[in-house]
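Student: For reference, the structure I am asking about is given below.
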Amino acid sequence: VDIRNTIFSGSKSEKEGGAFAVSSISAVVEVFATTFSFCSSALNGGAVYAGDQAKVNISNTIFHGNTAHGIGGGAVYSQNAKLMISNITSTNNSAFTGGGGMLFWEGNFLPFFSFACSRFESDWPVFSTLNILGTAVCYIDTHIENSVEFLLESINKKLCGPGNNAAYGQCIASEYKKLETIFPSASSSAYPGLPFSIHAVKKDAYNQTITTDSESIIQVFQSNLQIRSDLIPMKVTGNSIGRINSGMVIFSLTMSPVFSFVDFGSRITRLHYEPEVFISGVDSQTSLTMQTKDLHINFQEGRFVCPKGYILDFDVLGSKNGSASCSFCKAGAYSVNPLAPQSGSLSSSPSCLNCPVGGDCSMGGYNVMFDVGDWIESDQM
């Protein structure tokens, strides 16, 4: 099918593609010097829908004011189609309920973009070039993962004009491509047995958060390599199952890692193994399995293995190895070093210390108050 020098204005569809939809492996559609304006689709692709490996080439064409009300693609939606776009003008297209104000794509075939470019642009890392009749033509290499931000910026400049809008990806967006984990804390280190947060964010091919998903259920799992009979199991509690909300889940977890060695004198703590987890679940939008890479959980070490006012408390009383958590020293006791044993005790295990004579330890933790004099915290305590 050849579409040339044509105007589609105000076309509507109750399904896919406000102006036209093509879905056949044998289909070849050439769109040249055509205008799509104020077209709309009740589902995907406000102007154009292409699916099932159809070959669709769009060049020297204008998309303006088109709207999709489904998954996305205010102007164009590509579902496993072989789509090439070159030298288009795209303005004020919208996908308010989905992704990609101009274009949304899903499947195994990435859209191919080309445009006339300067010699300077042809040296950019995400482009490959051809010389056609003395004019440099740049092809955006969408496979270079390390240049996602640069790639998105380039596509926005060359593919989209002003006014395009969507729930995510004002210009271009895709289906789910990765599940990303973030530690929100500055130190990115946890304390044994105390809550910490992991953020899981659902991203598309351009590292944009897929804010349209508030349905998928995902879960935190221990690394498969660590669920072995020869390893002492690590206790994991908290909300390890969560529903994605606007593309993100916040898990609040506690982990009691397994220590192989603790020495107060040298202030050394050594883990039996480095805890790792991964997050996985089924994408409600595509039915694909989403999964992160194994995520290493860093724990504080040595004298700082627990916050002030806590001690490292082993599950087995008197032990210096095995599963342990940080325990808060209650009223009447204190701690300024989580590895310090009780003075005069036969045990070298960490312990909350008795409140000093004349001191007020009613708040517990590391708060010791005196009516007279100053409290000096010693590094040796």
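Student: Name the residues in the stretch 145-187 that are among the basic types (Lys, Arg), modelled with pLDDT under 80 and surrounded by fewer than 20 Cβ atoms within 10 Å (Cβ to Cβ), would you?
Tutor: Of everything in the stretch 145-187, just one residue is among the basic types (Lys, Arg), modelled with pLDDT under 80 and surrounded by fewer than 20 Cβ atoms within 10 Å (Cβ to Cβ), namely Lys157.
Student: Against the conditions (1) in contact (Cβ under 8 Å) with a residue 24 or more places away in the chain; (2) more than 19 Å from Leu194 (Cα to Cα); (3) surrounded by 15 or more Cβ atoms within 10 Å (Cβ to Cβ), where does Gly332 fall short? Just the number, please.
Tutor: The failed condition is (3).
Student: If you don't mind, another one. Within the stretch 338-357, restricting attention to residues that are at pLDDT below 90 and touching a Lys or Arg at 6+ places or on another chain (Cβ under 8 Å), which residue is farthest from Gly309 (Cα to Cα)?
Tutor: The selected residue is Ser348.
Student: So Ser216 clears everything in (1) over 28 Å from Ile155 (Cα atoms); (2) among the hydroxyl-bearing types (Ser, Thr, Tyr); (3) at pLDDT 95 or above; (4) surrounded by fewer than 14 Cβ atoms within 10 Å (Cβ to Cβ) except one condition, right? Which one?
Tutor: (4)
Student: Same structure, new question: For the stretch 285-317, which residues satisfy the criterion of being over 18 Å from Arg267 (Cβ atoms) and in contact with a Pro (Cβ under 6 Å, 6 or more places away or on another chain)?
Tutor: Passing the criteria: only Ile297.
Student: Among the listed residues Lys320, Lys293, identify the single one that is within 20 Å of the chain's Cα centre (by Cα) and either at negative phi or of a type in the set (A, V, I, L, M) (or both).
Tutor: Exactly one of Lys320, Lys293 is within 20 Å of the chain's Cα centre (by Cα) and either at negative phi or of a type in the set (A, V, I, L, M) (or both), namely Lys293.
Student: In the stretch 335-358, which residues are touching a Cys at 6+ places or on another chain (Cβ under 7 Å) and crowded, with 19+ Cβ neighbours inside 10 Å?
Tutor: Ser335, Pro338, Cys352
Here's the yes/no breakdown for (1) assigned by the TED database to the domain that holds Gly247; (2) assigned to a strand (DSSP E or B); (3) among the hydroxyl-bearing types (Ser, Thr, Tyr):
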position: Leu194; (1), (2), (3): yes, no, no
position: Lys202; (1), (2), (3): yes, yes, no
position: Tyr206; (1), (2), (3): yes, no, yes
position: Asp213; (1), (2), (3): yes, no, no
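Student: Given the conditions (1) surrounded by 14 or more Cβ atoms within 10 Å (Cβ to Cβ); (2) out of contact with any His (no Cβ under 8 Å at 6 or more places or on another chain), report the number of the one that Glu276 does not fulfil.
Tutor: (2)
Student: A further question follows. Do you know which of the residues in the stretch 65-81 that are of a type in the set (A, V, I, L, M, F, W, C) and in a loop (DSSP other than H, G, I, E, B) is surrounded by the most Cβ atoms within 10 Å (Cβ to Cβ)?
Tutor: Per the stated criteria, the residue is Ala75.
Residues checked against (1) of a type in the set (A, V, I, L, M); (2) without any contact (Cβ under 8 Å) to a residue 24 or more places away in the chain; (3) in contact with a Pro (Cβ under 6 Å, 6 or more places away or on another chain); (4) in a loop (DSSP other than H, G, I, E, B):
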position: Gly18; (1), (2), (3), (4): no, no, no, yes
position: Val22; (1), (2), (3), (4): yes, no, no, no
position: Gly45; (1), (2), (3), (4): no, no, no, yes
position: Ala50; (1), (2), (3), (4): yes, no, no, no
position: Phe63; (1), (2), (3), (4): no, no, no, no
position: Leu83; (1), (2), (3), (4): yes, no, yes, no
position: Thr97; (1), (2), (3), (4): no, no, no, no
position: Leu110; (1), (2), (3), (4): yes, no, no, yes
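Student: To continue, here is another question. Would the stretch 251-273 turn up any residue that is within 18 Å of the chain's Cα centre (by Cα), polar (S, T, N, Q) and part of a strand (DSSP E or B)?
Tutor: Checking the stretch 251-273: at least one residue is within 18 Å of the chain's Cα centre (by Cα), polar (S, T, N, Q) and part of a strand (DSSP E or B).
Student: Scan Ser256, Ser266 and give me the residue that is surrounded by fewer than 19 Cβ atoms within 10 Å (Cβ to Cβ) and of a type outside the set (A, V, I, L, M).
Tutor: After ruling out the rest, the residue left standing is Ser266.
Student: Please work out which one of (1) at pLDDT 95 or above; (2) crowded, with 24+ Cβ neighbours inside 10 Å; (3) under 31 Å from the mean Cα position of the chain (by Cα) is the condition Thr91 fails and give its number.
Tutor: (2)
Student: Looking only at the stretch 24-43, count every residue that is modelled with pLDDT of 95 or more, in a loop (DSSP other than H, G, I, E, B) and more than 20 Å from Ile172 (Cα to Cα) and tell me the total.
Tutor: Looking only at that region, the number is 2.
The values are calculated or read from the model by the stated rules, or taken from the named source; none is laboratory data. Not measured: the values here are computed from a predicted model. Glycine gets a Cβ as well: all are built from the backbone with ideal geometry, and neighbour counts include every protein chain shown.
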